[in-house]
Amino acid sequence: MDKFTMYLNRPERETKPWYTDPELRRVEEKVTDEETERRRARDKRGDIRSKERNDPMTQVNALLKPTPAVKRHGPATPSDPQAARIQREQSERQRAMALIAKSRAVPKTNGFWEDTPSTVAPGGSFAEDLERRKDRASNRFWDEERERDRVRGWERGVRGDRGGRSWEV
């Protein structure tokens, strides 16, 4: 027998995987009463539903599926290509003019934060407003702290006397 000859008649213990042996199953899997079988079937159905619901290809197919025609409430697109082009240009021009008017609007300024122009609509987002409020509150706190120190006669800026950095000793 040379090294290229294949051994085809293998014994059953080599071809049968260990995890198919009924003696090596867990105790829960060995129980075969009716209630356990119903529970296993229910869990299996739930697993299949979960896999189908979370399958990315199912979601892609649903997104690519053609949607039924929806009635539009806006102006209809003309069938003439030249008229459609003119209508698109007019709507684009109106949109551009609205953006220019919005950018030229002068925002109110009433403090440190408003001195820097924002790229967002006047007033900013909720996060920006929150940061402004926090900054103003901290300024009020430190202004009051400086005033208390001045009244007590403490000088700031001297090392070791509340004026140094936290890492300076």
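The values are calculated or read from the model by the stated rules, or taken from the named source; none is laboratory data. Owing to the predicted nature of the structure, the values given are computational and were not obtained by experimental measurement. So basically every Cβ, Gly included, is an ideal-geometry build from the backbone, and we count neighbours across all protein chains shown. Quick note on the areas: whole protein, heavy atoms, side chains included, nothing else; ligands and nucleic acids left out. Shrake-Rupley method; radii C 1.70, N 1.55, O 1.52, S 1.80 Å.
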Next on the checklist: What are the pairs with Cβ atoms under 9 angstrom where one residue, in segment 78-100, is open to solvent by 100 Å² or more (accessible area, probe 1.4 Å) and the other, located anywhere, is among the hydroxyl-bearing types (Ser, Thr, Tyr)? Sequence gap at least six, or different chains.
Outcome noted: 88/77
Checklist entry - Mind checking which pairs have a first residue in segment 16-29 that is at positive phi and of a type in the set (S, T, N, Q) and a second that is open to solvent by less than 100 Å² (accessible area, probe 1.4 Å) and part of a helix (DSSP H, G or I), Cβ under 7 Å, 6 or more apart or different chains? => result none
Item to check | Whichever residue in segment 90-114 is modelled with pLDDT of 80 or more and among the small types (Gly, Ala, Ser) and, among such residues, is nearest to residue 135 (Cα to Cα) | outcome: 103
Checklist entry - Residues in segment 20-59 that are open to solvent by less than 100 Å² (accessible area, probe 1.4 Å), assigned to a helix (DSSP H, G or I), among the acidic types (Asp, Glu) and at pLDDT 80 or above: how many? => result 3
